[in-house]
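**Student:** Take a look at the following structure, please.
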Amino acid sequence: MIIVMKPKAKAESIEKIKHLIESKGLDAHISAGKEVTIIGVVGDKSKLQDQNLEIFEDVDKIVSVTESYKLANKKFHPEPSRVQVGNVTIGGGSLVIMSGPCAVESKEQLLTTAHAIKKAGAHILRGGAYKPRTSPYAFQGLEEEGLQYMKEAREETGLPVICEVTSLEAIEAAVKYVDMLQIGARNMQNFYLLKEAGKSGLPVLLKRGLSATIDEWLNASEYILAEGNPNVVLCERGIRTFETATRNTLDISAVPVIKEKSHLPIIVDPSHATGVRAYVKPLAMSAIAVGADGLMIETHPNPSTALSDGPQSLNFEQFDKLMKELSPLVALMGKTF
Ligand code: PEP
Ligand code: MN
């Protein structure tokens, strides 16, 4: 349920309602917009059944929120959210590029990649230190050693760094080294992990599950938000369909749907969505055209020797060319790069 206040509602009217909500054991989330303030109620709203909130001073109307996700809901927070990652803002008027290797393989591999993507204009360095691989025999990541290299890469380049976490131990290690946590597609409904990421204090990139609906994805984000962490960015990375020509099928419509339903920023990952280097550019362009707030693109010094996801990774020259090609489209969409 949300309580929409009249324009220029008095602070004491808002405070009175907040107090009433909290006295019933519910949470009140206040979103003060340019014109109106909205009070979102989270919890068992039947506890407010005997209250006629409509007649409270400065209340305009009561709107019920039928969706099960509340904090992620645009009705609760009509203004788009901005998420700060180091010195980079995701969700403002810019198009944020996260790039780097699928897996951190060595210090040299990561540092050369960090310098190359920075030179090409990327904003955030990605790199996997904990790799949730389909096969238990495939390279599983350098773990804490990889996180140390991520930190060193940030110190050398000034780029904020993001790393996927797959367990509580990984979160506890990662908070010491990185600026943003990533919850991967395979863990989107690992509710324990979502809660722990919510408690970490770091911004979280939440990838869409392989077979998750948008509703399930937004409910997963709600787990992080409900821990008091408002800094969640969504990432569409393709979903499983009957099509086998690409690794996954990029659900490009997820971007406008999310923009309609939620205030959270959304980025697109054309690398994992397609699994094919040649399709990264067209889908990156489509993501910008539908209003994504950023892109995640895998890069590697020598993709043919990559320990994971080589076929979808761009080398530095290809990445630099892509950034130049995307630039006019970014400007056309009224965004900065
Ligand atoms: C990744 O970003 O390296 C990754 C494993 O992605 P996803 O969870 O989308 O498969
Ligand atoms: Mn990968």
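The values are calculated or read from the model by the stated rules, or taken from the named source; none is laboratory data. Source: prediction; values computed, not measured. FYI the Cβ positions are ideal-geometry reconstructions off the backbone, even for glycines, and counts take in every protein chain you see.
**Student:** Sort out which residues of segment 206-255 are part of a strand (DSSP E or B) and either touching a His at 6+ places or on another chain (Cβ under 7 Å) or within 19 Å of residue 285 (Cβ to Cβ) (or both), and write them in order of number. Let's see the steps before the verdict.
**Tutor:** Filtering segment 206-255 for residues part of a strand (DSSP E or B) gives 206-207, 232-236, 239, 249.
Hits for segment 206-255 are 235, 236, 249.
**Student:** Filter segment 307-321 down to the residues that are more than 11 Å from ligand 2 (Cβ to nearest atom) and free of Cβ contacts under 8 Å to residues at least 60 places away in the same chain and list them by number.
**Tutor:** Correct list: 314, 315, 317, 318, 321.
**Student:** Within segment 91-139, track down each residue that is of a type in the set (Phe, Trp, Tyr) and surrounded by fewer than 17 Cβ atoms within 10 Å (Cβ to Cβ). Working first, answer last.
**Tutor:** Taking segment 91-139 and keeping what is of a type in the set (Phe, Trp, Tyr), we get 130, 137, 139.
Once the filter is applied, which keeps residues that are of a type in the set (Phe, Trp, Tyr) and surrounded by fewer than 17 Cβ atoms within 10 Å (Cβ to Cβ), segment 91-139 yields 137, 139.
**Student:** When both residues are 6+ apart or on different chains and their Cβ atoms are under 8 Å apart, which pairs have a first residue that lies in segment 127-147 and is in contact (Cβ under 8 Å) with a residue 24 or more places away in the chain, and a second that is of a type in the set (Lys, Arg) and surrounded by fewer than 18 Cβ atoms within 10 Å (Cβ to Cβ)?
**Tutor:** 132/186; 139/133; 147/176
**Student:** Restricting attention to segment 114-129, does a residue exist that is in the same structural domain as residue 145 (by TED's automatic domain parsing) and at pLDDT below 95?
**Tutor:** No: segment 114-129 contains no residue that is in the same structural domain as residue 145 (by TED's automatic domain parsing) and at pLDDT below 95.
**Student:** List the pairs whose first member sits in segment 247-259 and is without any contact (Cβ under 8 Å) to a residue 40 or more places away in the chain, whose second member is hydroxyl-bearing (Ser, Thr, Tyr), and whose Cβ atoms are under 8 Å apart, counting only residues at least 6 apart or on separate chains?
**Tutor:** 248/241; 248/274; 249/241; 250/274; 250/286; 252/286
**Student:** If a residue must be on the phi < 0 side of the Ramachandran plot, in contact with a Pro (Cβ under 7 Å, 6 or more places away or on another chain), more than 15 Å from ligand 2 (Cβ to nearest atom) and not in a helix (DSSP H, G or I), how many such residues does segment 266-306 contain?
**Tutor:** 2
**Student:** Which residues, counting only those in segment 183-223, are surrounded by fewer than 16 Cβ atoms within 10 Å (Cβ to Cβ), within 16 Å of ligand 1 (Cβ to nearest atom) and of a type in the set (Gly, Ala, Ser)?
**Tutor:** 211 - this is the single residue of segment 183-223 that is surrounded by fewer than 16 Cβ atoms within 10 Å (Cβ to Cβ), within 16 Å of ligand 1 (Cβ to nearest atom) and of a type in the set (Gly, Ala, Ser).
**Student:** Here's a check for you: in segment 91-106, which residue that is part of a loop (DSSP other than H, G, I, E, B) and touching a Leu at 6+ places or on another chain (Cβ under 9 Å) is nearest to ligand 2 (Cβ to nearest atom)?
**Tutor:** 102
**Student:** If I filter segment 112-125 for residues that are part of a helix (DSSP H, G or I), touching a Pro at 6+ places or on another chain (Cβ under 6 Å), of a type in the set (Ser, Thr, Tyr) and touching a residue at least 24 places away in the same chain (Cβ under 8 Å), do I get at least one hit?
**Tutor:** Among the residues of segment 112-125, at least one is part of a helix (DSSP H, G or I), touching a Pro at 6+ places or on another chain (Cβ under 6 Å), of a type in the set (Ser, Thr, Tyr) and touching a residue at least 24 places away in the same chain (Cβ under 8 Å), which makes the answer yes.
**Student:** Still on this structure, please answer the following. If I filter segment 271-304 down to residues being touching a strand residue (DSSP E or B) at 6+ places or on another chain (Cβ under 7 Å) and of a type in the set (Ser, Thr, Tyr), which single residue comes out as farthest from ligand 1 (Cβ to nearest atom)?
**Tutor:** By that ranking, first place goes to 299.
**Student:** Does segment 266-276 contain any residue that is surrounded by fewer than 18 Cβ atoms within 10 Å (Cβ to Cβ) and out of contact with any Lys or Arg (no Cβ under 6 Å at 6 or more places or on another chain)? Break it down stepwise before answering.
**Tutor:** First, pick out the residues of segment 266-276 that are surrounded by fewer than 18 Cβ atoms within 10 Å (Cβ to Cβ): 275-276.
Filter once more, so that each one left must be out of contact with any Lys or Arg (no Cβ under 6 Å at 6 or more places or on another chain): 276.
Yes; the residues of segment 266-276 include at least one that is surrounded by fewer than 18 Cβ atoms within 10 Å (Cβ to Cβ) and out of contact with any Lys or Arg (no Cβ under 6 Å at 6 or more places or on another chain).
**Student:** Would you be able to say whether some residue in segment 70-90 is crowded, with 18+ Cβ neighbours inside 10 Å, without any contact (Cβ under 8 Å) to a residue 60 or more places away in the chain and assigned to a loop (DSSP other than H, G, I, E, B)?
**Tutor:** no
**Student:** Let me ask you something else. Has segment 139-154 got at least one residue that is touching a Ser or Thr at 6+ places or on another chain (Cβ under 9 Å), on the phi < 0 side of the Ramachandran plot and either acidic (Asp, Glu) or not assigned by TED's automatic domain parsing to the domain that holds residue 115 (or both)?
**Tutor:** Looking for residues that are touching a Ser or Thr at 6+ places or on another chain (Cβ under 9 Å), on the phi < 0 side of the Ramachandran plot and either acidic (Asp, Glu) or not assigned by TED's automatic domain parsing to the domain that holds residue 115 (or both), one finds none in segment 139-154, hence no.
**Student:** Looking at (1) within 17 Å of residue 122 (Cβ to Cβ); (2) away from ligand 1 (no atom under 12 Å from the Cβ), which is the only condition residue 312 fails?
**Tutor:** (2)
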